[in-house]
Amino acid sequence: MHPNPIFHDADDARNVAFARERGFGVLAAQGADAPMLSHIPFLLSHDGAVADLHLVRSNPIARALKEPMPVTLAVSGADTYVSPDWYEVADQVPTWNYVAVHLTGVLERRPQEELLALLDRQSAFYEDRLLPKPPWKTAKMTPDALEKMMRMIVPCRIKVTVVDGTWKLGQNKPDAVRDAAAGQIEAYGFGSEAHVIGALMRGVSKD
């Protein structure tokens with residue numbers, strides 16, 4: 001996360017809403033020799049206090065989860081390169097604008113009997129976005145296939161203690177300078193959803 005506090009101007013409600021809508025991130029835990037990372041979908045409660053997820057049993061984090069452990073779940077959003085020429089003022093440098101939220105807390109293993117309900121809640125959360133397609137449900141699987149799949153994964157929960165978001169959108173630039181760069185980003189930017197960053201940068205000047 002960028003250390004400049006000017007880029008941490010979003011409140012918890014905005015950060016939680018972003019992470020909840022995104023629903024996918026990188027789970028990080030400290031291993032014996034190096035950090036352990038896992039790319040996972042998750043369900044975040046409306047208040048941001050709890051993130052539910054499942055891990056494959058062979059996942060290094062799942063294998064290490066004998067007792068609750070501290071973790072951070074990093075949720076990335078749009079990002080783009082920003083050319084210094086796009087500011088249309090002198091003495092600027094290249095940078096990268098982005099949105100990211102970190103959820104820090106304690107990861108714990110949940111009872112296996114909670115797994116089916118978790119899978120149903122997760123699939124419903126994602127499938128509801130695909131309407132009018134009839135939603136996929138675990139009930140569509142044959143019992144044997146469902147049981148075999150469920151033996152391979154474990155339910156987990158993060159009790160979130162800290163929510164921190166970086167919305168690096170050129171808040172340290174004058175409105176006209178930031179808007180000039182936003183226009184160039186919308187036209188020529190590259191990264192992930194560069195046009196989203198351009199729109200967000202324009203929104204900063206309207207706050």
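Go through the residues of region 140-150 one by one and say whether even a single one is modelled with pLDDT of 95 or more and in contact with a strand residue (DSSP E or B) (Cβ under 9 Å, 6 or more places away or on another chain). There is no residue in region 140-150 that is modelled with pLDDT of 95 or more and in contact with a strand residue (DSSP E or B) (Cβ under 9 Å, 6 or more places away or on another chain).
May I ask you to list the residues in region 136-150 that are surrounded by 11 or more Cβ atoms within 10 Å (Cβ to Cβ) and either in contact (Cβ under 8 Å) with a residue 60 or more places away in the chain or among the polar types (S, T, N, Q) (or both)? Within region 136-150, just Thr138 meets the criteria. Is it the case that some residue within region 30-41 is part of a helix (DSSP H, G or I), touching a residue at least 60 places away in the same chain (Cβ under 8 Å) and at negative phi? No; the residues of region 30-41 include none that is part of a helix (DSSP H, G or I), touching a residue at least 60 places away in the same chain (Cβ under 8 Å) and at negative phi.
Take the residues in region 89-144 that are part of a loop (DSSP other than H, G, I, E, B) and under 30 Å from Pro174 (Cα atoms); name whichever of them is nearest to the chain's Cα centre (by Cα). Applying the filter and picking the extreme gives Pro94. Take the conditions (1) without any contact (Cβ under 8 Å) to a residue 60 or more places away in the chain; (2) among the aliphatic types (A, V, I, L, M); (3) surrounded by 13 or more Cβ atoms within 10 Å (Cβ to Cβ); (4) assigned to a helix (DSSP H, G or I); Ala13 misses just one of them, which is (3).
Flag not set for Ala51, criterion: surrounded by 16 or more Cβ atoms within 10 Å (Cβ to Cβ), in contact with a Lys or Arg (Cβ under 9 Å, 6 or more places away or on another chain) and in a helix (DSSP H, G or I). Just one of (1) surrounded by 19 or more Cβ atoms within 10 Å (Cβ to Cβ); (2) in contact (Cβ under 8 Å) with a residue 60 or more places away in the chain; (3) closer than 27 Å to Asn4 by Cβ fails for Ala182. It is (2). Candidates are the residues of region 153-168 that are buried (at least 20 other Cβ atoms within 10 Å of the Cβ) and under 16 Å from the mean Cα position of the chain (by Cα); the one that is nearest to Met1 (Cα to Cα) is Thr166.
The values are calculated or read from the model by the stated rules, or taken from the named source; none is laboratory data. Worth saying up front: this structure is predicted, and the values here are computed from it rather than measured. Please note: Cβ atoms are built from the backbone with ideal geometry, for glycine as well, and neighbour counts cover all protein chains shown.
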